[in-house]
Amino acid sequence: TCGTNLTWELTSMGELIIKGKGDMNNFMDYNTPWFDYRTSIEKISIGEGVTSIGNWAFYNCNNIESIDLSKDLTHIGNYAFRNCALISAISLPEKLSSIGDGAFDGCSGLTSVTIPNSVTSIGYGAFLSCSGLTSVTIGSGVKTIGSKIFDNCQKLLDVYCLAEKV
C-alpha cells in the first residue's frame with residue numbers, strides 16, 4: 001500500500017499505477033514502497049479517487065517520461081517529482097489547490113507549465129532548476145508563491161500570472 005486506501009502496482013511495461021481513494025502517504029527520499037524499482041518506472045498513472053501525491057513520492061525516478069494525474073488530485077507534496085529529468089510535459093488537474101516545496105525541482109525536461117486557476121499556493125522552489133522551462137502560465141487563484149520558484153530556469157522567457165494579488 002501507499003496510503004490508507006491506496007495500492008500500487010508496477011507493470012512489466014514500466015508503468016507505476018496508483019489506485020484507490022484518498023491521500024497518498026508522505027515519504028522520505030528513500031522509503032517509498034517502489035524505491036528499489038525507481039529506475040524501471042517510465043510512466044506514472046495516478047487513478048481517479050487519489051487526492052494527493054505524498055512528499056518525495058517519485059524523487060529520483062530518473063526514467064519517468066510521462067505522468068497521468070487523477071482529476072481528483074488536490075495536492076502535490078514537497079519534492080514529489082524532484083530530479084525526474086525526462087518529464088517533458090505535465091497536465092495539472094483542475095481540482096489541484098497546492099503545489100509543495102520543490103515539487104518539480106530538477107525536472108529539466110519540462111518546457112512549459114500551466115497552473116490551473118484552482119491552485120492557491122505554490123511552494124518554495126517548486127520549479128527550481130527546471131532548465132528546459134520556457135513558459136509558465138499561473139492561474140488566477142494563486143494567493144501565495146514561495147521564493148526561488150524559478151531559480152536556475154535559464155531558458156524561462158515568459159511568465160504569465162493571471163492572479164490579481166500574489
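Couple of notes before you dig in:
- Computed lengthening from residue 9 to residue 117, 0.36 nm per intervening residue step minus Cα-Cα distance: 35.7 nm
- Solvent exposure of region 33-166 as accessible area per residue, Å², 1.4 Å probe: 44 Å²
- Whole-Hz ³J(HN,Hα) from phi, Karplus 6.51 cos²θ - 1.76 cosθ + 1.60, for region 108-119, glycine and proline x: 5, x, 4, 10, 8, 9, 10, 9, x, 4, 6, 6
- Shape box of the chain [Cα atoms, principal axes, largest first, Å]: 43, 28, 24
- Relative contact order [Cα under 8 Å, 6+ residues apart], the chain, whole percent: 14 percent
- Under 5 Å, built H, 5+ apart or other chain: amide partners of residue 161: 138
- Cross-linked pairs 71/165; 19/143; 19/95: Cα-Cα separations exceed 20 Å for 71/165; 19/143.
- For region 66-80, 3J(HN,Hα) computed residue by residue from phi via the Karplus equation (6.51, -1.76, 1.60; θ = phi - 60°) reads 9, 9, 10, 9, 4, 5, 8, 5, 10, 8, 10, x, 4, 6, 4 Hz, glycine and proline entered as x.
- The accessible-area ordering, largest first, of the residues 56, 8 stands as 8, 56, per a 1.4 angstrom probe.
- Using a Förster distance of 41 Å, the FRET efficiency for residue 143-residue 86 (Cβ separation, nearest 0.05): 0.80
- Spin-label model distance (nm) - residue 154 vs residue 62, 7 Å beyond Cα toward Cβ: 2.0 nm
- Rg to Rh quotient for region 25-98, alpha carbon positions, Kirkwood Rh: 0.93
- Each principal axis of the Cα atoms in region 1-63 has its own extent, and those three values, largest first, are 26, 24, 14 angstrom.
- Karplus (6.51, -1.76, 1.60) ³J(HN,Hα), θ = phi - 60°, over region 26-36, in Hz, Gly and Pro reported as x: 8, 10, 9, 5, 10, 10, 6, x, 9, 3, 5
- The modelled label-to-label distance between residue 161 and residue 1, using points 7 Å beyond Cα along the C-beta direction, is 4.2 nm.
The values are calculated or read from the model by the stated rules, or taken from the named source; none is laboratory data. For clarity, every value in this text was computed on a predicted model and none was experimentally measured. Cβ: placed from backbone, ideal geometry, glycine included. Neighbour counts: every protein chain shown. The area values use the complete protein model at the heavy-atom level, side chains included, leaving out ligands, DNA and RNA. Shrake-Rupley method; radii C 1.70, N 1.55, O 1.52, S 1.80 Å.
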